[in-house]
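Input: a single structure, listed below in structure tokens.
The values are calculated or read from the model by the stated rules, or taken from the named source; none is laboratory data. Small disclaimer: the values here were computed from a predicted structure and weren't measured. All Cβ positions, even for glycine, are placed from backbone atoms using ideal geometry, and neighbour counts span all protein chains on display. Areas reflect the complete protein model, heavy atoms only, side chains present, ligands, DNA and RNA absent. Shrake-Rupley method; radii C 1.70, N 1.55, O 1.52, S 1.80 Å.
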Amino acid sequence: MDIITIIGVIFSFACILIGFSIEGGVISALLQPTAAMIVIGGTIGAVAISFPSNTLKKFFKVLVIAFKKRNSEIESNITYFKAISVKTRTNGLLSLESELSSSNLDPFIKKGLQMVVDGIDPSSVKSILNTKLEQLSLRHENCIEMFSAAGGYSPTMGIVGTITSLVIILSNLSDPSVLGEKIAVAFVATLYGIGVANLVWLPIASKLRELNKEEICEKEMIIEAILLIQEGVNPNTLVSKLEGYLTEEQSKLVE
């Protein structure tokens, strides 16, 4: 798990609760099940209406990804492609067939190498892999948009919860002495809506968007590496070109 993400969520909620307590608030006053039901249930319902079922069924899977630590494979891939380049320059492109039998090979890399072995021309290889990359990015964006939408709906559901509470309160003003307390409780729904949107849904969407950028960058590097191998460039030249995708620290890890 990505401990930084988990700590961030806990820390942000803790700061709100501690600040509320310091100002003289009672934490138990924020525990309103009906407000939570309206905000969370309403948000889930709105998201369910907004997206097709094939996207919705990925919700929890994508949520887990946001809290998992993703290790970049870009450095190890460059080392791998350097070894492949040496192999093909010595034994020819058909020697890649032995690589295709590996069960640990990234399917995207396997697809590219398979086309090279099949003798497909470089322009077609590039076009096919770019199309697969565009579709991958589109699927990711559709999933990310679910969390962005939830971040938009949540504050609105908070206002709905507050308004419904105020309607009930204002319909019975027989005891003005408790009016202030009831109105304060009514605004808990708004707090839930804004809090969950800005501390959960929108940050998760931002995190997933950054993870998507990292993966797209890795895939773009893979495409270039496959085309360079097909071209038969010198292994050191291949590494020099691919290192453009790395930071200075990452470059030191490439063998």
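How many of the residues making up segment 124-136 are of a type in the set (Ser, Thr, Tyr) and open to solvent by less than 30 Å² (accessible area, probe 1.4 Å)?
0
I'd like to check which helices (runs of 4 or more DSSP H) are fully inside segment 56-142 and have at least 1 residues that are at positive phi. Steps first, please.
Values: elements: 59-67, 74-91, 107-117.
Counting at least 1 such residues, we get no helices (runs of 4 or more DSSP H) at all.
Is it true that some residue in segment 22-31 is surrounded by 11 or more Cβ atoms within 10 Å (Cβ to Cβ) and at pLDDT 90 or above?
No: segment 22-31 contains no residue that is surrounded by 11 or more Cβ atoms within 10 Å (Cβ to Cβ) and at pLDDT 90 or above.
Out of all the residues in segment 100-119, which are open to solvent by 50 Å² or more (accessible area, probe 1.4 Å) and modelled with pLDDT of 85 or more?
Listed by number, the residues that qualify are PRO107, LYS110, LYS111, GLN114, ASP118, GLY119.
Does segment 221-250 hold any residues that are surrounded by fewer than 14 Cβ atoms within 10 Å (Cβ to Cβ), under 27 Å from the mean Cα position of the chain (by Cα) and closer than 24 Å to SER127 by Cβ, and which are they?
Matches in segment 221-250: GLY244 only.
If GLU75 satisfies every condition in (1) under 29 Å from the mean Cα position of the chain (by Cα); (2) farther than 30 Å from ILE159 by Cβ; (3) loosely packed, with under 14 Cβ neighbours inside 10 Å but one, which is the exception?
(3)
Mind counting the residues in segment 59-86 that are of a type in the set (D, E, K, R) and at pLDDT 90 or above? Don't jump to the end; show me each part of the working.
Going through segment 59-86, the residues of a type in the set (D, E, K, R) turn out to be 61, 68-70, 73, 75, 82.
Cutting the leftovers down to at pLDDT 90 or above gives us 61, 82.
Matching residues across segment 59-86 total 2.
Determine whether GLU97 is under 30 Å from LEU63 (Cβ atoms), exposed (fewer than 14 other Cβ atoms within 10 Å of the Cβ) and acidic (Asp, Glu).
no
For segment 141-169, name all the residues that are open to solvent by 50 Å² or more (accessible area, probe 1.4 Å) and under 19 Å from ALA205 (Cα atoms).
Of segment 141-169, the ones open to solvent by 50 Å² or more (accessible area, probe 1.4 Å) are 141-142, 145, 153, 156, 159-160, 163-164, 167-168.
Within segment 141-169, GLU141, ASN142, GLU145, TYR153, THR156 meet the criteria.
Condition test on ILE38, is it over 26 Å from ILE163 (Cα atoms) and more than 25 Å from the chain's Cα centre (by Cα)?
Spelling it out, it is not the case that ILE38 is over 26 Å from ILE163 (Cα atoms) and more than 25 Å from the chain's Cα centre (by Cα).
Condition check: among the hydrophobic types (A, V, I, L, M, F, W, C) and under 26 Å from ASN212 (Cα atoms). Does PHE20 satisfy that?
Answer is no for this residue.
Taking the criterion of being part of a helix (DSSP H, G or I), open to solvent by less than 50 Å² (accessible area, probe 1.4 Å) and at pLDDT below 90, would at least one residue in segment 189-206 satisfy it?
No - not one qualifying residue is present in segment 189-206.
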